[in-house]
Structures are given as C-alpha cells and as structure tokens.
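The values are calculated or read from the model by the stated rules, or taken from the named source; none is laboratory data. Quantities reported herein were computed from a predicted structural model and do not represent experimental measurements. Cβ: placed from backbone, ideal geometry, glycine included. Neighbour counts: every protein chain shown.
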Amino acid sequence: MNDVLLPQVNNNCRFCSFNQWMPAGVRVLNAAVNYNPFSVNIGGTNVAANLDQGNITRYAQVNQGYQTVTLTGSNGYIYLQKQVYIGDGMTTIAIINAASGLDVMPISDTACATNNFSTCIRVANLAYYSGPVNVNMGNLIFSSVVFQNVTSFSRVDAGNYTVRVSRSQRPGNTLVSVPVNLNANRIYTLYIMNWNASADAIQTFLVEDRRS
C-alpha cells in the first residue's frame, strides 16, 4: 500500500454541454492544485468566475484563431496570460500545474463513432505531480499515459466498468478504483488529476459528451 492515500474522488459531469456542435466552442477545466479559484477570460469573453479545482464550465463560443487566455484571482491578481489557438471545432482548455507555476493546455474535443450499443472513452493525464499513469478498465488498458498526453478514443460496449489508476512506476499499486457507467451513443473523457501536490494523490474526473 502507498503511504499517501486519502480521498478517492470520482466526479462525473454528465452532459457538460447540450450542444452537439458549436463552432469555436471553448470550455475550461481547472485541474491545478494549491490555488484559489480562478476567473477566466478568453479573447475578451468572460467564460468562468470562481472556477475551483475539479470543476468544468459549459462551452462558450469565441472567435476562431489565437486568443489570449487570462487567469485572475478574486483580488484581480493576474496569474497567467497566454495565447492559445482556438480552432473551428470544440476545445477544452485545461488549467494545469507547471514548473513555472501554472499553464493552460488546449484539448481538442473531437468526435468518435458510436451506436446504440457502444460508447467511446479516452484518457487525459493532467496530474503534474504523478508522472505517467496506467488506466485499466476491464479489457481496455491505457498504459504509460504521460503528463499532458491525451489518448485516442477507444470504442467499447456501453455498460458498467471499474476504472483502476496506478502510477506507471508502480503498476501493482492501485491508487484509485472507481465504478463508472458508460452510456451508449456518448463519448467520454476520463481526466486524471492530482488533488494535492503528492505523486500518489490522484483523482478522476469523468466527462460525458454527445456529438453528432
């Protein structure tokens, strides 16, 4: 057993966006630990206020192209300003920890073909302090997913699964084991995040979307 294993958090965000398609649609996920909530402005559009760690916004439409992402605190302090390219599709901008303190990472929210019996899932590792992770879900295994890596979608049968997450350096030591229910005709992103600045402090955040 590891010596730092407190809460095992499994958050589920069902239908984070009812929009099946939104050109230049952007939502924001706060995956950074050890910071107070942020207000987020993208290209002059306020997309979030008091966005706490482990929370995600709905999609907002912004202009396509390079846009400045600004993260501010409740006192108006600017933590980060960075230009990010927003394509004509849909994007999740993840706020993450970095060697410099904070960074933002655009994640393209692409589609995956499903039907009345199947679903798609991918893994995004946003756990800065944990390094590469292994994610096991039945017969589906995502191995050595490094920090800031987003896997391709895998299509599986809809149904109930148990997700087990471990650090790739210690694959036999399961840090989080959580049940998930994957609905048919939906696509999922399983975000792996820290909940404090410890390598073994891992939580999961499952986001369900619909695309046509």
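So, VAL104, is that one in contact (Cβ under 8 Å) with a residue 40 or more places away in the chain and either surrounded by 17 or more Cβ atoms within 10 Å (Cβ to Cβ) or under 14 Å from the mean Cα position of the chain (by Cα) (or both) or not? Here the answer is no, as VAL104 does not meet what is asked. A single entry from LEU126, LEU175, LEU140 fulfils the requirement of being in contact (Cβ under 8 Å) with a residue 40 or more places away in the chain and closer than 27 Å to THR91 by Cβ: LEU126.
Looking at segment 59-92, which of its residues are buried (at least 16 other Cβ atoms within 10 Å of the Cβ) and either outside any strand (DSSP E or B) or small (Gly, Ala, Ser) (or both)? The answer is TYR59, ALA60, VAL62, GLY89. Within segment 60-86, residues that are at pLDDT below 95 have Cβ atoms under 8 Å from residues that are among the acidic types (Asp, Glu) and in a loop (DSSP other than H, G, I, E, B) in these pairs: GLN64/ASP88, counting only partners at least 6 apart in sequence or on another chain. For segment 114-130, filtering for residues that are of a type in the set (A, V, I, L, M, F, W, C) and in a loop (DSSP other than H, G, I, E, B) leaves 3.
So that you can scan it fast, the table gives a plain yes or no per residue for (1) in contact with a strand residue (DSSP E or B) (Cβ under 6 Å, 6 or more places away or on another chain); (2) under 24 Å from TYR129 (Cα atoms):
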{"residue": "PHE153", "(1), (2)": "yes, no"}
{"residue": "ASN160", "(1), (2)": "yes, no"}
{"residue": "SER166", "(1), (2)": "yes, yes"}
{"residue": "ARG170", "(1), (2)": "no, yes"}
{"residue": "VAL178", "(1), (2)": "yes, yes"}
{"residue": "TYR191", "(1), (2)": "yes, yes"}
